[in-house]
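Quick notes on the structure that follows.
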Amino acid sequence: MGEYLKPEVHVFDNLKNASQALAETIVKEASEAVEKRGQFNLALSGGKTPLSLYRLMAKDYSKKINWETVHLFWGDERFVPKEHPENNFAMAYHNLISKVPLPSQNIHPIQSEIETPERAAESYEETLRDFFRDSERETSYTFDAILLGVGEDGHAASLFPGSPALKEKSRWAVAVDAPASFLTKARITLTLPVINISRDVFFLVSGDKKGNIVSSILKDPERARDLYPAAMIEAKERLVWYVDGRTLNISGKGSYHE
């Protein structure tokens, strides 16, 4: 395997400031993508951490994005109905999508209400491959940007430590089971082969219980790749971490240094 892309790491006083910086980056990335390629393809993350980001984008940054040119996807989904409180689409819909002029045909959720998680994964892979098939993206790039978080066990999307999905080489989406400690176990997740050919990957991280894992990933990435799925994430152009400094027990804004 070739050299890993060196990440950019930015630390902020709190999650709100980290989210604001990431929102500004997304606005800039969207503008550049539309100017160069006519559209901006963004994969969203679930969980609680991106709530402030989505609310900021809906309230303060909505008019700075040409939503007609934006296509939204998801990095993972819980296999629950769309209005279930654990559903990632529902969270994004109520806090962002319903508040901006995004065409309905530009929204590409994981279908979590069909027969089985396996069929949902197959269906989403078909959606992705059909979407990217008409361009050179399928063999070079997929998403312009994907948003990810880090779990307290080091997972990203729904790629958990020790999961067979981490060894997937060709599938773009698979059904997985979360560990027993998670409320919703049946999930659908994107895999490393599709995530790692995104142009840009943006991590947004907050939570003091994640500090040791995040520090390990940033300080010793080679060792961390054997332990934490979040450390296995790559990008084609930019890999950027936006971190609430309280996670690392750091105060103030700036770049991360050991």
## Note on the structure
With the first residue restricted to segment 205-223 and required to be more than 21 Å from residue 46 (Cβ to Cβ), and the second required to be assigned to a helix (DSSP H, G or I) and modelled with pLDDT of 90 or more, Cβ contacts under 7 Å at 6 or more apart or on different chains are 211/247; 216/224; 221/231
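This table checks each residue for (1) modelled with pLDDT of 90 or more; (2) assigned to a helix (DSSP H, G or I); (3) closer than 20 Å to residue 196 by Cα.
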{"residue": "211", "(1), (2), (3)": "yes, yes, no"}
{"residue": "215", "(1), (2), (3)": "yes, yes, no"}
{"residue": "236", "(1), (2), (3)": "yes, no, yes"}
{"residue": "251", "(1), (2), (3)": "no, no, no"}
### Message
Which of the numbered conditions does residue 171 fail, given that it passes all the others? Conditions: (1) under 14 Å from residue 151 (Cα atoms); (2) in a loop (DSSP other than H, G, I, E, B); (3) at pLDDT 95 or above.
### Response
(1)
### Task
Output the residues belonging to segment 174-202 that are assigned to a loop (DSSP other than H, G, I, E, B) and closer than 19 Å to residue 73 by Cα.
191, 196, 197, 198, 199
### Single residue of segment 152-179 satisfying the filter (without any contact (Cβ under 8 Å) to a residue 60 or more places away in the chain and closer than 25 Å to residue 247 by Cα) that is nearest to the chain's Cα centre (by Cα)
178
### Task
Can you run down the residue pairs with Cβ atoms below 8 Å, 6 or more apart or on separate chains, where the first is in segment 106-130 and within 21 Å of residue 92 (Cβ to Cβ) and free of Cβ contacts under 8 Å to residues at least 40 places away in the same chain and the partner is surrounded by fewer than 20 Cβ atoms within 10 Å (Cβ to Cβ) and charged (D, E, K, R)?
106/68; 109/82; 113/82
### segment 73-103, residues that are part of a helix (DSSP H, G or I) and closer than 16 Å to residue 58 by Cα
89, 90, 91, 92, 93, 94, 95, 97, 98, 99
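Yes/no matrix, rows are residues, columns are (1) under 14 Å from the mean Cα position of the chain (by Cα); (2) free of Cβ contacts under 8 Å to residues at least 60 places away in the same chain; (3) surrounded by 17 or more Cβ atoms within 10 Å (Cβ to Cβ):
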position	(1), (2), (3)
33	no, no, yes
41	yes, no, yes
49	yes, no, yes
53	yes, no, yes
101	no, yes, no
## Note on the structure
The correct count of residues that are closer than 26 Å to residue 156 by Cα and out of contact with any Leu (no Cβ under 8 Å at 6 or more places or on another chain) in segment 62-95 is 14
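The values are calculated or read from the model by the stated rules, or taken from the named source; none is laboratory data. The structure displayed is predicted, hence computed values, not measured ones. With ideal geometry, Cβ positions are generated from the backbone for all residues, glycine too; neighbour counts draw on all protein chains shown.
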